[in-house]
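Worksheet: one structure, shown below.
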Amino acid sequence: MNECITAHQRVLLQILCELDRICRKHGIPYVLFAGSAIGAARHQGFIPWDDDIDVAMLREDYERFLRLAQKDMGEDYFLQKEFSEHWPMFFSKLRRNGTTCIERFIPKDTKMHQGIYIDIFPIDNLSDNRLVQRLQFAASKVVIAKSLDRRGYLTDSGKKKFFIWLCRLLPLRPMLRFAKKAKKKNSAKVHSFFAAASAFEKNIYRRDCFTETTQCSFEGESFPISKKYHEILTQIYGDYMSFPSEEEKESKIHGVIVDTEHSYERYLEEQRKMKVTKFAKSIR
């Protein structure tokens, strides 16, 4: 395994252990999700080239975590909450202070925290009505487009540029409320429109996929994973036990400037000089 990736992953594991400690203390359920669930199933730890960790929580548990976590964290950690002052995105991150993980995009907000992070995704209620389900999906796309636009997303696609421009005219909060369906308690199905996959069908699950969990081995530690992880991962990825090509592995790397020992603040000038299409060297 690449020495730099290994150092990065050690910090990611520390962050995950902190999240797990807080969730255990407050009885907040969560699961390893997406690529991290593949890592648990296929490698009993990280996918060797993976440089992030994904966890998911049902919306009520997610919002409880956001309310309680910051009070229990030491100075080493920073909770980057969804739609907060310097983070316009539709999911949250738990970051390690004093570290760097600068990604390919150039943020519009220069005060955005860019330490090493794990992603925390909400899982939301899904309507029983098929038409409303599709409308929830459409509303989520508006929220995602508005968030990416505010973050500094750039694209060469004319269709995407037009959609982002159109979404600027639409209100965020009503779209978010509709996509979440927060008042529809204990729906039979849930969705991950704000998480893993872009296609509608890949984001629909039975609720028990996130309420029935089991412990799994991950880098010598024990963390929760859905009992239905095979069903979830097959739905999202197909044959998730097969290894991707070298090109696909390269495309999955998030950090272009990574430093496990120094704050991202020392690299802000370098980031400003970076061109979006240029893959800068990793520093660890």
- Query: Failed condition for residue 215, given (1) free of Cβ contacts under 8 Å to residues at least 60 places away in the same chain; (2) closer than 22 Å to residue 82 by Cβ; (3) not in a helix (DSSP H, G or I), with all others met?
  - Reply: (2)
- Query: What about residue 106, is it closer than 25 Å to residue 25 by Cβ, among the hydrophobic types (A, V, I, L, M, F, W, C), touching a residue at least 60 places away in the same chain (Cβ under 8 Å) and not in a helix (DSSP H, G or I)?
  - Reply: no
- Search the range 201-221 for residues being charged (D, E, K, R) and under 14 Å from residue 232 (Cα atoms), and hand back the single one that is most open to solvent (accessible area, probe 1.4 Å). 201
- Task: Say whether the condition of being farther than 20 Å from residue 267 by Cα and either modelled with pLDDT of 95 or more or among the hydroxyl-bearing types (Ser, Thr, Tyr) (or both) is met by at least one residue in the range 102-112.
- Result: no
- Task: Considering each residue of the range 178-212, count those that are farther than 24 Å from residue 89 by Cβ and part of a strand (DSSP E or B), and give that number.
- Result: 2
- Note on the structure: Within the range 154-200, the residues that are out of contact with any Phe, Trp or Tyr (no Cβ under 8 Å at 6 or more places or on another chain), open to solvent by less than 100 Å² (accessible area, probe 1.4 Å) and under 30 Å from residue 228 (Cβ atoms) are 175, 178, 180, 181, 182, 184, 187, 188, 197, 198, 199
- Find the residue count for the range 71-85, including only residues that are closer than 25 Å to residue 146 by Cβ and either modelled with pLDDT of 95 or more or among the polar types (S, T, N, Q) (or both). 7
- Task: Select from the range 113-159 the residues that are under 21 Å from residue 269 (Cα atoms) and out of contact with any strand residue (DSSP E or B) (no Cβ under 9 Å at 6 or more places or on another chain) and list them in ascending order.
- Result: 150, 152, 153, 154
- Looking across the range 135-145 at residues that are open to solvent by 40 Å² or more (accessible area, probe 1.4 Å) and not small (Gly, Ala, Ser), the single one that is nearest to residue 176 (Cα to Cα) is 141
- Task: State whether the residues of the range 231-254 include one that is surrounded by 12 or more Cβ atoms within 10 Å (Cβ to Cβ), modelled with pLDDT of 90 or more and in a strand (DSSP E or B).
- Result: no
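The values are calculated or read from the model by the stated rules, or taken from the named source; none is laboratory data. Please read these numbers as outputs of a predicted model, since none were measured by experiment. Using ideal geometry, Cβ is built from the backbone for each residue, glycine included, and neighbour counts are taken over all protein chains shown. Protein only, heavy atoms only, side chains kept; ligands, DNA and RNA dropped before computing areas. Shrake-Rupley method; radii C 1.70, N 1.55, O 1.52, S 1.80 Å.
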